[in-house]
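Novice: This is the structure I have questions about; it appears just below.
The values are calculated or read from the model by the stated rules, or taken from the named source; none is laboratory data. All figures in this text were calculated on a predicted structure; none of them were measured in a lab. Neighbour counts are summed over all protein chains in view; Cβ atoms, including those assigned to glycine, are modelled from backbone coordinates with ideal geometry. All accessible areas refer to the heavy atoms of the entire protein, side chains included, with ligands and DNA or RNA removed. Shrake-Rupley method; radii C 1.70, N 1.55, O 1.52, S 1.80 Å.
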Amino acid sequence: MKHLIRNTALATTLLLGTGIAHAEWPTDRPIELIVAFAPGGGTDVMNRTLAPYIEEELGAKITILNRPGASGEIAYTALTEARPDGYTASSLNTPGYLTMQMDRKVRFDPKKLCPVARIVEDPGSFIVQAGSEFNSLKDLVEYAKANPGAVTVGTTGLGTDEHLAMLQLEKSAGIDLTAVTFNGANEARTALLGGHVMMIGINVGEFVGSDHSAFKNLGQFAEQRSVIAPDLPTAKEQGFDVLVSSERGIAMGCDVPADIRTKFSDAVHKALDNPEFQEKAKQQSLALSYLSADDWNKEMPVRAERLGAIWKLAKEQQ
Amino acid sequence: MDFINLLALGFGEALTPTNLGFCLVGALLGTLIGVLPGIGPTATIAVLLPITFYLPPLAGLIMLAGIYYGAQYGGSTTAILVNLPGEASSVVTAIDGYKMAQKGRAGSALAVAALGSFFAGTVATFGIALAGPTLSSFALSFGPAEYVSLMLFGLLAATVLARGPVLKAIGMILLGLLLGMVGIDAGSGEERLTFSAMELFDGIDFVVIAIGLFGFAEIIENLENHEARGVLVSKLSRLWPTREDFRRAWPAVLRGTGVGTFLGVLPGGGATLASFCAYSFEKKISRHPEEFGEGAVEGVAGPEAANNAGAQSSFIPLLTLGIPSNNMMAMMLSAFIIHGITPGPTVLATQPEIFWGLVASMWIGNLMLVVINLPMIGVWVKLLTVPYRLLYPAILLFCCVGVYSINNRIFDVVLAAGFGLLGYAFRKAKCEAGPLLLGFVLGPLLETNIRRAMTISHGDPSVFYERPISLVLLIATVGMLVLMVLPSFRRTREEAFQEEEA
C-alpha cells in the first residue's frame, strides 16, 4: 500500500513537471483581476459582483487584488509589467485613464494595454437642493448669465468628470461658473446640503442609488438617456453640448495571445447577459452599457480627443 | 418622543448577535492591552484598522470604540495592583491606587475605579446621544470659513494641551502639516513632495504613519527597558468599597465625570488629559490634600471617572462635525472612511443606525467591562507573566500584515518602518507624536477649506470675520494665543505637567 501511494505520488509529480508549460488557459491557475481602486468603491463592487459569472463561463477561478493609487496608474503599470500569459487582467476606467496621459508622462506604455470589454457607462449630471429655484439646466444658465461667477459648483478635483462637465457647460452656454474642490462626493454633498455651494456634479448611478429626497437633478450628460434614468433629460435635449461619462471596463496586456484575449472577452460578454447578474446590477444601479473590445478600442480615441479639447480649456483658465 | 425611538433603534442594532459579539471582542481586547504596559490603544487600533474592512461597518466601529474605552478600564487594574500603569491615562491612578492596595484596600480601589468608570461612561454616552442631533443640525451651518477657524483653534489647542515644551509641540504639528501635503494637489493637479514615486501620488496613508509612529516605535522603545517583572502583586481581599469609601468617592466621581466630559470634547483633549486634570482638581479642592499620594480614594475615583468620560465624549466632535479631536479619534475617522462613510451631520440623517448603534453599544460595552474587570481580575493579572519575547514578534507581524493589506504593496511597509525609526527618535527627543498626527489629519482639511472659502468669496478674506460662528472661533483662538504668551499661564501649565512627569 505504501509503495502504491509513493508511486502514484511520483507519477503525479512527473506529470505535473512536464505539464506546466502545456496546461490549457485558463485552468492552470487562478486569473488575477487587478482592481485599480480601493475595496468597497464603485469599481471594486462592480468587479466583485461580475467575477463569479465570468468564472462560470470560463470554468476558471478569478481572484481579485486591489492595487489602488495614482488614479489607476499603479494598477495599469502592474498589468503591463505582468507576464503575458493571460492570467492577469485589470479594471480600466475612463476618463481617468485618458486624462492622466494628457498632462504628463505616465509610467506605463498605453500601447501595451488592450481593452477587453466595456461594462458600464455612467453619465455625469448636476444636482441642486430640492428647494432650489433651478429646475433645469436652462434655469441655471439664465441665472449664471445674469450673475457671472455667482454659481458655485462642487467638484472632486481638477480634471474629474464633474469639472470637465462644468467646463463644457461654460463653453457651450457662454457662462462663467466657479469651481470649488472637495475631497470626495460625500463632502461635496454635505456642502450642498448646507447651502455652501449651489450645485454639485454626481454620476447618475450614484444619484439613482442613493436617497435623493433632498436633491433634484438638472440633466444627464450622455448622448442618450441612461438605462437607469430614462426620465432624466440629457443636456443635449436641453440645448447644451455637454458630454461626460465615466466608463468602467476590463483590460489585458496586448502581448497576451489574441485568442486568449478573445476567449476572455467572450466570457465577459456572456457573463453580462446572465439574467442573475443583470438582476444584481439593477440593485446596484449599474448603468450597464456593453462595448466589445474592438468597439471600445475604436471609440476611445474619439473620447480622448474630446477630453483633450476640454482639458486644454481647463489649462488656459488656470 | 423621537429621541426614544432613535435610542431604541440604536439598541436594536447594538444587540444583534454580531454587534454584541464584536462589542465583547473590543472590550476584551481593550482590557487586555490596557493591562499590558507598553501596548496602547492607539497602536492596537492602528493595527486592527485594515482588518475592519472585512467587517460590516457598524461592527468594526463598535469593536474599535470598545478597545478605546476598554483600555481605560484595563489600565487601572495594573496601576492599582502592581503600580504599573498600563496606559498613560491611568498614570495618576497608580499614585493613590497602589498605596490603597498596599494598605490592603485593593478590592475597594478596584471597585471604585470600575464603578466610577461605569457611571462616567453612562453619563458621557447620554451626553453624546443628546448632543449629537442638536450639534449636527448646527453643524450643517458650518461652511468652509467656519471649518478654517475651528481648525486653527484645534491646532492651537493641541499645542497648549500637549505635554512638554510648547515649541516642540508646534514643531511636531508643522511636521504633520508638511507630511499632509505629500501627494497630488487636487486643486491644481501638481505633484507635491512625491519625489516622483507613484506610490506617493495619493499622499501617505494615515495607517502607515500611525503604525510606524506608535506600533513600531513603541516596540523599539520597550526593547530598551529591562523587564520590570517579579513585582509583587498585592493581595486581593473583598471586592467592594467600604461605606466610608463610598461616601468619599461618589462626589469625586461626579466631578471627574464633569471634567472628563468637558475635556474630551475639546480639540487635543481625551482620556489622558482628563485624568490628569481631574487628579489636580481633586487635590486642590480636598479638605485633606495631605492624604493624596497616601491612598486617598478620591485620587482613584476622580481620574478614573474622568478618563472614561473623556474617552467617550471625544466621540462628539467626530460624530457630529467629522473632526477628530485627538489621534485616537483620527483613527476612528479613518475607520469610518474605510467603509465609505464620512462622519458628519449627514450620517445622522442618512444612516441613523450607525450613530445610534455605536452610542448604544458604548453603554452595553461599559456594562460588559464592569463584569469583565471585577470578577475576572485574577485572569488579567496573570497575563502580566506572558514573556515579551513572544508578544513583541507577534505584534510586529500584525503591524506588517496590517500595513501591507491597505494597498497590497511592500512600499507602505518600508515606509511604516521608516516612520517607526522616526518615532523612536521623537521619543528619545521627548517629542510627542500626537500633535504630528493631528497636524497630518487637520492640515489637508485646513488647506482645502481655506481654498474653498476664498473661491466662494472670490478672494475676499472678510468671510472669516463676517460670519458669526467663524468670528467667535477666531476670537477664542486669539484669546488662547494671548493666554499662551502670558507668563502666569505658562507657569501654571508647566506645573500641571510637572506632576505628570513625577
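Novice: Against the conditions (1) under 24 Å from the mean Cα position of the chain (by Cα); (2) open to solvent by less than 30 Å² (accessible area, probe 1.4 Å); (3) not polar (S, T, N, Q), where does A:Ala179 fall short? Just the number, please.
Specialist: (2)
Novice: Further question on the same structure: Against the conditions (1) under 17 Å from B:Gly40 (Cβ atoms); (2) modelled with pLDDT of 85 or more, where does B:Gly302 fall short? Just the number, please.
Specialist: All conditions are met except number (1).
Novice: Let me ask you something else. If you scan the stretch A:279-298, which residues turn out to be surrounded by fewer than 20 Cβ atoms within 10 Å (Cβ to Cβ), in a helix (DSSP H, G or I) and not charged (D, E, K, R)?
Specialist: Of everything in the stretch A:279-298, those that are surrounded by fewer than 20 Cβ atoms within 10 Å (Cβ to Cβ), in a helix (DSSP H, G or I) and not charged (D, E, K, R) turn out to be A:Gln283, A:Asn297.
Novice: Here's a check for you: in the stretch B:127-149, which residue that is among the polar types (S, T, N, Q) and surrounded by fewer than 24 Cβ atoms within 10 Å (Cβ to Cβ) is farthest from the other protein chains (Cβ to nearest Cβ)?
Specialist: B:Thr134
Novice: Can you spot a residue in the stretch A:241-260 that is open to solvent by 30 Å² or more (accessible area, probe 1.4 Å), out of contact with any helix residue (DSSP H, G or I) (no Cβ under 6 Å at 6 or more places or on another chain) and not in a loop (DSSP other than H, G, I, E, B)?
Specialist: yes
Conditions tested, residue by residue: (1) of a type outside the set (Asp, Glu); (2) in contact with a Gly (Cβ under 7 Å, 6 or more places away or on another chain); (3) more than 21 Å from B:Leu318 (Cα to Cα).
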| position | (1), (2), (3) |
| --- | --- |
| B:Tyr147 | yes, no, no |
| B:Leu150 | yes, no, no |
| B:Phe153 | yes, no, no |
| B:Leu156 | yes, no, no |
| B:Pro165 | yes, no, yes |
| B:Asp185 | no, no, yes |
| B:Ser188 | yes, no, yes |
| B:Thr194 | yes, yes, yes |
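Novice: Could you say which residue among A:Gly159, A:Gly184, A:Gly149 is touching a residue at least 24 places away in the same chain (Cβ under 8 Å), within 11 Å of chain B (Cβ to nearest Cβ), surrounded by fewer than 17 Cβ atoms within 10 Å (Cβ to Cβ) and more than 26 Å from B:Ala139 (Cα to Cα)?
Specialist: A:Gly149
Per-residue answers, yes or no, for (1) under 25 Å from B:Glu432 (Cβ atoms); (2) over 14 Å from the mean Cα position of the chain (by Cα):
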position: B:Val253; (1), (2): no, yes
position: B:Thr272; (1), (2): yes, no
position: B:Tyr279; (1), (2): yes, yes
position: B:Lys284; (1), (2): no, yes
position: B:Arg287; (1), (2): no, yes
position: B:Glu290; (1), (2): no, yes
position: B:Ala296; (1), (2): no, yes
position: B:Val300; (1), (2): no, yes
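Novice: Also: Within the stretch A:102-118, which residues are modelled with pLDDT of 90 or more, in a helix (DSSP H, G or I) and open to solvent by less than 70 Å² (accessible area, probe 1.4 Å)? Walk me through it before giving the result.
Specialist: Of the residues in the stretch A:102-118, the ones modelled with pLDDT of 90 or more are A:108-118.
In the following step, the residues that additionally are in a helix (DSSP H, G or I) were identified as A:110-112.
A:Pro110 - this is the single residue of the stretch A:102-118 that is modelled with pLDDT of 90 or more, in a helix (DSSP H, G or I) and open to solvent by less than 70 Å² (accessible area, probe 1.4 Å).
Novice: Return only the number of the condition from (1) within 14 Å of chain A (Cβ to nearest Cβ); (2) surrounded by fewer than 18 Cβ atoms within 10 Å (Cβ to Cβ); (3) over 17 Å from B:Ile410 (Cα atoms) that B:Ala186 does not satisfy.
Specialist: Against the list (1) within 14 Å of chain A (Cβ to nearest Cβ); (2) surrounded by fewer than 18 Cβ atoms within 10 Å (Cβ to Cβ); (3) over 17 Å from B:Ile410 (Cα atoms), B:Ala186 comes up short only on (2).
Novice: Follow-up question, since we're still on this one. Can you name the residue in the stretch A:120-146 that is touching a residue at least 60 places away in the same chain (Cβ under 8 Å) and among the small types (Gly, Ala, Ser) and, of all such residues, is nearest to the other protein chains (Cβ to nearest Cβ)?
Specialist: A:Ala130
Novice: Taking the stated definitions as given, is A:Ile34 more than 14 Å from every other protein chain (Cβ to nearest Cβ), surrounded by 10 or more Cβ atoms within 10 Å (Cβ to Cβ) and modelled with pLDDT of 80 or more?
Specialist: On the way: more than 14 Å from every other protein chain (Cβ to nearest Cβ): no; surrounded by 10 or more Cβ atoms within 10 Å (Cβ to Cβ): yes; modelled with pLDDT of 80 or more: yes.
Answer is no for this residue.
Novice: Of all residues in the stretch B:188-205, which are in contact (Cβ under 8 Å) with a residue 40 or more places away in the chain and on the phi > 0 side of the Ramachandran plot?
Specialist: B:Gly203 - this is the single residue of the stretch B:188-205 that is in contact (Cβ under 8 Å) with a residue 40 or more places away in the chain and on the phi > 0 side of the Ramachandran plot.
Novice: How about the stretch B:172-221: which of its residues are aromatic (Phe, Trp, Tyr) and closer than 19 Å to B:Leu437 by Cα?
Specialist: Pass one, the stretch B:172-221, residues aromatic (Phe, Trp, Tyr): B:195, B:201, B:206, B:214, B:216.
Hits for the stretch B:172-221 are B:Phe206, B:Phe214, B:Phe216.
Novice: Checking the condition open to solvent by 20 Å² or more (accessible area, probe 1.4 Å) and farther than 26 Å from B:Phe281 by Cα, which residue from B:Leu36, B:Leu58, B:Leu9, B:Leu84 passes? Quick ask: steps written out before the conclusion?
Specialist: On the way: B:Leu36 fails: open to solvent by 20 Å² or more (accessible area, probe 1.4 Å); B:Leu58 fails: open to solvent by 20 Å² or more (accessible area, probe 1.4 Å); B:Leu84 fails: farther than 26 Å from B:Phe281 by Cα.
So the residue among B:Leu36, B:Leu58, B:Leu9, B:Leu84 that is open to solvent by 20 Å² or more (accessible area, probe 1.4 Å) and farther than 26 Å from B:Phe281 by Cα is B:Leu9.
Novice: Of the residues that sit in the stretch A:55-71 and are in contact with a strand residue (DSSP E or B) (Cβ under 6 Å, 6 or more places away or on another chain) and within 26 Å of A:Ser245 (Cα to Cα), which one is modelled with the lowest pLDDT?
Specialist: Top of the filtered list is A:Asn66.
Novice: Now for a separate question. Answer yes or no as to whether A:Phe240 is among the aromatic types (Phe, Trp, Tyr) and under 30 Å from A:Glu56 (Cβ atoms).
Specialist: So A:Phe240 fails the test.
Novice: If you don't mind, another one. If B:Arg255 satisfies every condition in (1) part of a helix (DSSP H, G or I); (2) at pLDDT 85 or above; (3) open to solvent by less than 20 Å² (accessible area, probe 1.4 Å) but one, which is the exception?
Specialist: Here B:Arg255 clears every test but (3).
Novice: Right, something else. Looking only at the stretch A:267-278, count how many residues are surrounded by 15 or more Cβ atoms within 10 Å (Cβ to Cβ) and either without any contact (Cβ under 8 Å) to a residue 24 or more places away in the chain or under 21 Å from A:Phe37 (Cβ atoms) (or both).
Specialist: Summing the residues that are surrounded by 15 or more Cβ atoms within 10 Å (Cβ to Cβ) and either without any contact (Cβ under 8 Å) to a residue 24 or more places away in the chain or under 21 Å from A:Phe37 (Cβ atoms) (or both) in the stretch A:267-278 gives 4.
Novice: Still on this model: If you check B:Val112 against the conditions, is it surrounded by 24 or more Cβ atoms within 10 Å (Cβ to Cβ) and either modelled with pLDDT under 85 or under 25 Å from B:Tyr68 (Cα atoms) (or both)?
Specialist: So B:Val112 fits the description; yes.
Novice: Going through B:Ser325, B:Ser361 one at a time, which residue ends up being crowded, with 24+ Cβ neighbours inside 10 Å, more than 14 Å from chain A (Cβ to nearest Cβ) and closer than 27 Å to A:Ala185 by Cβ?
Specialist: Just a single option satisfies the conditions, and that option is B:Ser325.
Novice: Still on this structure, I have one more. Tell me, yes or no, whether the stretch A:83-97 has at least one residue that is in contact with a strand residue (DSSP E or B) (Cβ under 9 Å, 6 or more places away or on another chain), assigned to a helix (DSSP H, G or I), under 30 Å from A:Asp231 (Cβ atoms) and open to solvent by 10 Å² or more (accessible area, probe 1.4 Å).
Specialist: There is at least one residue in the stretch A:83-97 that is in contact with a strand residue (DSSP E or B) (Cβ under 9 Å, 6 or more places away or on another chain), assigned to a helix (DSSP H, G or I), under 30 Å from A:Asp231 (Cβ atoms) and open to solvent by 10 Å² or more (accessible area, probe 1.4 Å).
Novice: Can you name the residue in the stretch B:439-483 that is of a type in the set (D, E, K, R) and within 14 Å of another protein chain (Cβ to nearest Cβ) and, of all such residues, is least open to solvent (accessible area, probe 1.4 Å)? Reasoning before the result, please.
Specialist: Quick first cut of the stretch B:439-483, residues of a type in the set (D, E, K, R) only: B:447, B:451-452, B:460, B:466-467.
Remaining after also requiring within 14 Å of another protein chain (Cβ to nearest Cβ): B:447, B:451-452, B:460, B:467.
Values: B:Glu447: 51, B:Arg451: 95, B:Arg452: 12, B:Asp460: 69, B:Arg467: 88 Å².
Only one residue fits best here, namely B:Arg452.
Novice: Filter the stretch B:404-433 for residues that are within 14 Å of chain A (Cβ to nearest Cβ) and buried (at least 20 other Cβ atoms within 10 Å of the Cβ); which is nearest to B:Tyr54 (Cα to Cα)?
Specialist: First, pick out the residues of the stretch B:404-433 that are within 14 Å of chain A (Cβ to nearest Cβ): B:404-412, B:415.
Applying the additional criterion that residues be buried (at least 20 other Cβ atoms within 10 Å of the Cβ) yields B:406-407, B:412, B:415.
Values: B:Ile406: 12, B:Asn407: 14, B:Asp412: 20, B:Leu415: 24 Å.
Looking at the filtered set, the residue picked out is B:Ile406.
Novice: Kindly indicate whether B:Ile67 is part of a helix (DSSP H, G or I), within 25 Å of B:Tyr279 (Cβ to Cβ), touching a Gly at 6+ places or on another chain (Cβ under 8 Å) and open to solvent by 10 Å² or more (accessible area, probe 1.4 Å).
Specialist: Against the criterion (part of a helix (DSSP H, G or I), within 25 Å of B:Tyr279 (Cβ to Cβ), touching a Gly at 6+ places or on another chain (Cβ under 8 Å) and open to solvent by 10 Å² or more (accessible area, probe 1.4 Å)), B:Ile67 does not qualify.
Novice: Scanning for something over 28 Å from A:Lys61 (Cβ atoms) and not hydroxyl-bearing (Ser, Thr, Tyr), does the stretch A:79-92 turn up at least one residue?
Specialist: Checking the stretch A:79-92: not a single residue is over 28 Å from A:Lys61 (Cβ atoms) and not hydroxyl-bearing (Ser, Thr, Tyr).
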